[in-house]
Amino acid sequence: MIQAIDHVGIAVRNLDESMELYRTIFGIQDFHREQVQSQRVDIASFVLNGVRIELTAPTSDDSPIATFIAKRGEGIHHVAFRTNDVQADLERLNSSGVALINSSPVPGAHNMDIAFLHPKSTGGVLMELCMDASHSAKNSTP
Ligand code: ZN
């Protein structure tokens, strides 16, 4: 079940320049830094009252973020919603006719399992479902 907004993903060309901008706007000093291999991105993130802002820069030209920036420029890339069961939500949405980019969860930042819904089915908004990966480890049989 989808429970809350977890984070907003923002596509940026240059992480250092973008962090400087967010330092200026929000006074953020400490960013969490992480590389996500499955998406070929570098991330710098911070949390505002429980909602994470995730600055995301491509690490290679075939990264989905590189493709996005080439087509649409920098800006809001996706909104991520926290759920207690990504796989169950994917199956429910798929059977409701919602197109999926990921039919099963893949590893994301912050030790989360993530999956994207296709924006052609969601009014042009790229939506991500995410959950703490330790939940799915607990649920899966060893
Ligand atoms: Zn995300």
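Quick notes on this one:
- Given (1) at pLDDT 95 or above; (2) open to solvent by less than 70 Å² (accessible area, probe 1.4 Å); (3) of a type in the set (Val, Ile, Thr), index of the condition Ile101 fails: (2)
- Segment 73-88: number of residues that are more than 15 Å from the ligand (Cβ to nearest atom) and surrounded by 15 or more Cβ atoms within 10 Å (Cβ to Cβ): 3
- Comparison of Ala80, Ala115 shows that the only residue that is in contact with an Asp or Glu (Cβ under 6 Å, 6 or more places away or on another chain) and within 17 Å of Ile5 (Cβ to Cβ) is Ala80.
- Filter pass, Arg82 being among the charged types (D, E, K, R) and either touching a helix residue (DSSP H, G or I) at 6+ places or on another chain (Cβ under 6 Å) or closer than 23 Å to Ala44 by Cβ (or both): yes
Okay, residues lined up against (1) away from the ligand (no atom under 15 Å from the Cβ); (2) open to solvent by 80 Å² or more (accessible area, probe 1.4 Å); (3) without any contact (Cβ under 8 Å) to a residue 12 or more places away in the chain:
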| residue | (1), (2), (3) |
| --- | --- |
| Ile2 | no, no, no |
| Ile10 | no, no, no |
| Asn14 | yes, no, no |
| Ile25 | yes, yes, yes |
| Phe31 | yes, no, no |
| Val36 | no, no, no |
| Val41 | no, no, no |
| Ala44 | no, no, no |
| Leu55 | no, no, no |
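- Considering Ser60, Ser121, Ser134, the condition of being more than 16 Å from the ligand (Cβ to nearest atom), in contact with a helix residue (DSSP H, G or I) (Cβ under 9 Å, 6 or more places away or on another chain) and either β-branched (Val, Ile, Thr) or closer than 15 Å to Ala11 by Cα (or both) is satisfied by Ser60 alone.
The values are calculated or read from the model by the stated rules, or taken from the named source; none is laboratory data. Quick caveat: nothing in here was measured; it's all calculated off a predicted structure. Methodologically, a virtual Cβ is constructed for each residue, glycine included, from the backbone with ideal geometry; neighbour enumeration extends over all protein chains shown. When the accessible area is computed, the model is the full protein with side chains, heavy atoms only, and any ligands, DNA or RNA have been set aside. Shrake-Rupley method; radii C 1.70, N 1.55, O 1.52, S 1.80 Å.
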